[in-house]
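A.B. asks: For reference, the structure I am asking about is given below.
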Amino acid sequence: MAGGQSRGYLNKPCILLIVIAGMERFSFKGVASNLVTYLTDVAKMSNSAAAKMVNNWCGITSMLPLLVAPLADTYLDRYTTVLASSSLYFAGLLALTSLALQWPWTSVDKSGFSSSLSWSLHLISLGQAGYNPSLQAFAADQLDDEEELPCTKNDQSSKKKSTFFHWWYFGICCGSLLGVSIMSYIQDTLGWGLGFAIPAIAMIVSIVVFRFGNRFYTHNNDGEIIHIKSLGGHIVKAIRAATSRLTCGEIAVPESNKSKVVEIELEDAPLCQQDSGSTEGGDKKTENGIVEILKVVLPLLPVWTMLLMFAVIFQQPATFFTKQGMTMTRNIGSNFRIPPAALQSSITISIILLMPLYDTFFIPFIRVLTRNEKGITVMQRMGIGMFLSVIAMIIAALTERKRLDIARNIGTSTSEALPMSIFWLLPQYILLGISDIFTVVGMQEFFYSEVPINMRTLGIALYTSVFGCGSFFSSFLITVIEHVTNSIGEKQNWFADDMTKARLDNYYWFLALSSAASFLMFMVFCRFYRSRTVN
């Protein structure tokens, strides 16, 4: 897209793609938000087994983009990748629907059910692996001034990029809100078949809209093919190069050359002056592909690692928060009962309501204090969200302690609702929503901007992989803690199926302390990190 757009505003293709992303989130959240209920009520899994399966599936879903994104950047254009992967996505949703409806070709025995369920969920994961990072990178390609370097001092380009990621997240939160609130109610009251069919229909509609919007898009296919070979032989070289790069104190090119730079080339432009001129001839291009990828990725790994506990915390609403809600009073009036998973919508509602206030009130206020045109840097934005997530877990631990005290004082059976409203859980949900506005949006901008232009699908995949590894890590923590507490005694099991005997409050305290440690390390690291972008 050429100029002609208003300063700071998004163009029509970006807006259309944000709507499409919201439709995809509706489909995904319509399945994922209440999946733990489906596993415990229909598949008859234990609480811990269902939570681990949800965590593992979310982990695979978020990690697969790391494998698919380099292929998409290298051998396919982003538009084609979105179309191909969305077809797999829809096939997985259709298979899940057929399983819930028990169509004739669907196995009904226990082993066949488990196999079909796993196959359907992982087909969704495979489709999403190419879909999400490619769609977001493709949408960002529609921005004006996309030819600008990420490290340019063009303030207008930087503000427009921040605006894009801000409203992109706002769009997917709107889709998530509808998916969580509407679909959880339909699934709990009208059945799982219809509850899975509607997300499948929404996905096929989004594919049609995306296809017919092609005439509005700008197709940016500047990336060069990377011939990946001799990976093992380059690992040591890549680590040495990345170490040298950190030692020299910069990720961007030297200050004296910044004004002359037009684009960071994957093969030809060194990321640190000390790395240049080390090899010559034809072998340099064939070798530099994987080396340059690792040189870009390795310095980002500390930030990636310190965000893992934040990702673990964000697995709780779809698992243990939902199980807590199932034990509490959920009535509104005499006929309506709130589906426990629907309370996850409070996260997205808080985001939708408060995100516009971020630009309108928070940034102008904080700009006066920081004297930064953007108000706060991307790193500061992520740090604020990490801190708020720690507070959310402290509140969650205190609330769970109160729930357990009530349960033990009145001796309520597991089949009866506690005389404690589910709305006691709202503060922890809302705080997680506010932390989302800061950290998740900051993560998207950080990982997108810290990689060269022709590796940006990989950058988006790095962002999603944080939540993938966080899901796996959450499952690992549950396994270890369950083993340790069971070895002490059955009454000590933190994840007991009887929620009056479980000790989720201890688990929440553990997450709060672990996340606080990650936050402190993140603060220290930020003092020494040199961004390749101008924040």
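A.B. asks: What number of residues in the range 331-369 are assigned to a helix (DSSP H, G or I) and closer than 30 Å to Leu35 by Cα?
C.D. replies: 16
A.B. asks: Please tell me if Ile347 is open to solvent by 20 Å² or more (accessible area, probe 1.4 Å) and under 26 Å from Lys29 (Cβ atoms).
C.D. replies: no
A.B. asks: Give the residues of the range 210-230 that are surrounded by fewer than 14 Cβ atoms within 10 Å (Cβ to Cβ) and at pLDDT 85 or above, sorted by residue number.
C.D. replies: Passing the criteria: Arg211, Phe212.
A.B. asks: Which one of the conditions (1) within 17 Å of Gln428 (Cα to Cα); (2) touching a residue at least 60 places away in the same chain (Cβ under 8 Å); (3) open to solvent by 10 Å² or more (accessible area, probe 1.4 Å) does Asp359 fail to meet, given that it meets all the rest?
C.D. replies: (1)
A.B. asks: Examine the range 188-206 for a residue that is open to solvent by less than 50 Å² (accessible area, probe 1.4 Å), polar (S, T, N, Q) and at pLDDT 70 or above, and state whether such a residue exists.
C.D. replies: For the range 188-206, residues open to solvent by less than 50 Å² (accessible area, probe 1.4 Å), polar (S, T, N, Q) and at pLDDT 70 or above: present.
A.B. asks: Against the definition (over 30 Å from Met183 (Cβ atoms) and either surrounded by 18 or more Cβ atoms within 10 Å (Cβ to Cβ) or in contact with a Gly (Cβ under 9 Å, 6 or more places away or on another chain) (or both)), how does Thr327 come out, yes or no?
C.D. replies: So Thr327 does not fit the description; no.
A.B. asks: To continue, here is another question. Can you tell me which of (1) part of a helix (DSSP H, G or I); (2) of a type in the set (A, V, I, L, M); (3) at pLDDT below 80 is the one Val108 doesn't meet?
C.D. replies: (1)
The values are calculated or read from the model by the stated rules, or taken from the named source; none is laboratory data. Because the structure is a prediction, the values reported are computed rather than measured. We place every Cβ from the backbone using ideal geometry, glycine too, and count neighbours over all the protein chains shown. Ligands, DNA and RNA are excluded from the accessible area calculation, which covers all protein heavy atoms including side chains. Shrake-Rupley method; radii C 1.70, N 1.55, O 1.52, S 1.80 Å.
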